[in-house]
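Novice: Before I ask anything, let me first share the structure, which is written out below as structure tokens.
The values are calculated or read from the model by the stated rules, or taken from the named source; none is laboratory data. Everything numeric here is computed off the predicted structure, so don't read it as measured data. A quick note on method: Cβ atoms are made from the backbone with ideal geometry, for glycine too, and the neighbour counts reach across all protein chains shown. In case anyone asks, the SASA skips ligands and DNA or RNA and just uses the protein heavy atoms, side chains included. Shrake-Rupley method; radii C 1.70, N 1.55, O 1.52, S 1.80 Å.
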Amino acid sequence: MKNKQKLNSLLFTLIMLTVFCFSTHLFSDGYYVRMVYETSKAGTFMRSEEVYESGDYKIVFVTSPENFVWVRLKDKYYIGDSNVLLRSFQIKDLADIAYEYVKAKRLDITKDGVYKFNEESFSLEIFVVSGEIMRVVRTVADVTTTMYINKFPKQFDIRSLLAKYKFVDDTPFPEEIYSLSKFFLWATTSQGKDLIRISGYDKNGKVLELEINKTSGDFKVGNYYIKILKASEATAREIKNALRNY
């Protein structure tokens, strides 16, 4: 009887360990707290974030100085300050930018240390400790942005976090316009009368600017025109190939 009880106890322990390991593998890819400082002639700006990532899904809770959430669902982005999140053009933090830059340039940052990269319009410093990116510093003109990354392992279910939000895809823009995000290392969008301008840098660090309007451009996608304002020869060719059927 005692041996049977011991066997049952051992089996229960093995089952619980299996469940724990499976759930950890399935649901817990990381938990991050990030502090972002931006310094310019105008002063210093600070932002704090909590970041949850699992595979192609990412949720970022910006908790100060204002509260909002942005989400990446594979290649789609959403943002909002309530449980309703609206479709957006790409949103990236400095960690995303650092990883994508290193990947695009085929750089090796596997050893611990400080890696400095200078492009014509910006510079990046990536601090690696124990094989992890712990800090990223980006300088564009007189603005320096520093992200401190603290990673703590924590079990969570990304699907439960996502289930708290309603993702709204109701947008006048066709999907092909959102797909232009893939050509940017990072970008900002500005809206004028009857147009949207996307300004940033391509994966090779070159200036890239596009305009979306309803009147004229290099390509017509749905009811909108896309105009290439600034682009390297290689990136312009990639965009034209992607939109050659329009």
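Novice: In nm, what is the difference between 0.36 nm times the number of residues separating Glu175 and Glu66 and their Cα-Cα distance?
Specialist: That works out to 36.3 nm of additional length.
Novice: Give the long-range amide H neighbours of Phe89: residues separated by 5 or more places, or on another chain, with amide H under 5 Å away, using H modelled in the peptide plane at 1.01 Å from N.
Specialist: Close amide H contacts, sequence-distant or interchain: none at all.
Novice: How far apart, in nanometres, would the label points at Phe45 and Ser232 be if each is projected 7 angstrom from Cα along the Cα-to-Cβ direction?
Specialist: Placing both labels 7 Å beyond Cα along the Cβ direction yields 2.7 nm.
Novice: Which whole-number percentage describes the relative contact order of the chain, with Cα contacts under 8 Å and a sequence gap of 6 or more?
Specialist: Result for the chain is 15 percent.
Novice: How large is the charge dipole for the chain, taken about the Cα centre, if only the Cβ atoms of Lys, Arg (+1) and Asp, Glu (-1) carry charge, to the nearest 20 debye?
Specialist: Once rounded to the nearest 20, the dipole reads 660 debye.
Novice: A further question on this structure: What FRET efficiency, computed as 1/(1 + (r/R0)^6) with R0 = 25 Å and r the Cβ-Cβ distance, is obtained for Glu100 and Lys220, rounded to the nearest 0.05?
Specialist: The pair Glu100/Lys220 has a calculated efficiency of 0.30.
Novice: I've got another one for you. Over the Cα atoms of the chain, how large are the radius of gyration and the largest Cα-Cα distance (Dmax), in Å?
Specialist: 22.0, 85
Novice: Then there's this: Evaluate E = 1/(1 + (r/R0)^6) for Ile196 and Ser160, where r is the Cβ-Cβ distance and R0 equals 41 Å; express this FRET efficiency to the nearest 0.05.
Specialist: Given R0 = 41 Å and the Cβ-Cβ separation, E is 0.75.
Novice: If you don't mind, there's one more thing I want to ask. Within the range 66-136, what whole-number % of the accessible surface is contributed by carbon and sulfur, with the 1.4 Å probe and all protein chains included in the calculation?
Specialist: 47
Novice: In nm, what is the difference between 0.36 nm times the number of residues separating Ala242 and Tyr31 and their Cα-Cα distance?
Specialist: 72.4 nm
Novice: Would you list the membrane-span-like helices of the chain, meaning whole DSSP H runs whose alpha-carbon atoms span at least 27 Å along their axis and whose mean Kyte-Doolittle value is at least -0.5?
Specialist: Answer set is 2-27.
Novice: While we're looking at this one, here's another question. Can you give the accessible area per residue of the chain, in Å², using a 1.4 Å probe?
Specialist: Here the per-residue accessible area is 60 Å².
Novice: Could you give the distance between the Cα centres of the range 231-245 and the range 134-155, to the whole Å?
Specialist: Here the two parts' Cα centres lie 31 Å apart.
Novice: Can you give the Kirkwood hydrodynamic radius of the range 91-172 from its Cα pairs, in Å with one decimal?
Specialist: One over the average 1/r among Cα pairs gives 15.1 Å for the range 91-172.
Novice: So in the chain, what percent of DSSP beta bridges are antiparallel if you round to the nearest 5?
Specialist: In the chain, approximately 95 percent of DSSP beta bridges are antiparallel ones.
Novice: While we're here: Be a star and scan the range 30-68 for residues whose amide nitrogen sits under 12 Å from the point 7 Å along the Cα-to-Cβ vector of Phe167.
Specialist: Label zone hits: 56-59.
Novice: Based on DSSP H runs of at least 4 residues, each adding -39500 (n - 2.57), what is the mean residue ellipticity at 222 nm of the chain after dividing by all its residues, to the nearest 500 deg cm²/dmol?
Specialist: -7000 deg cm²/dmol
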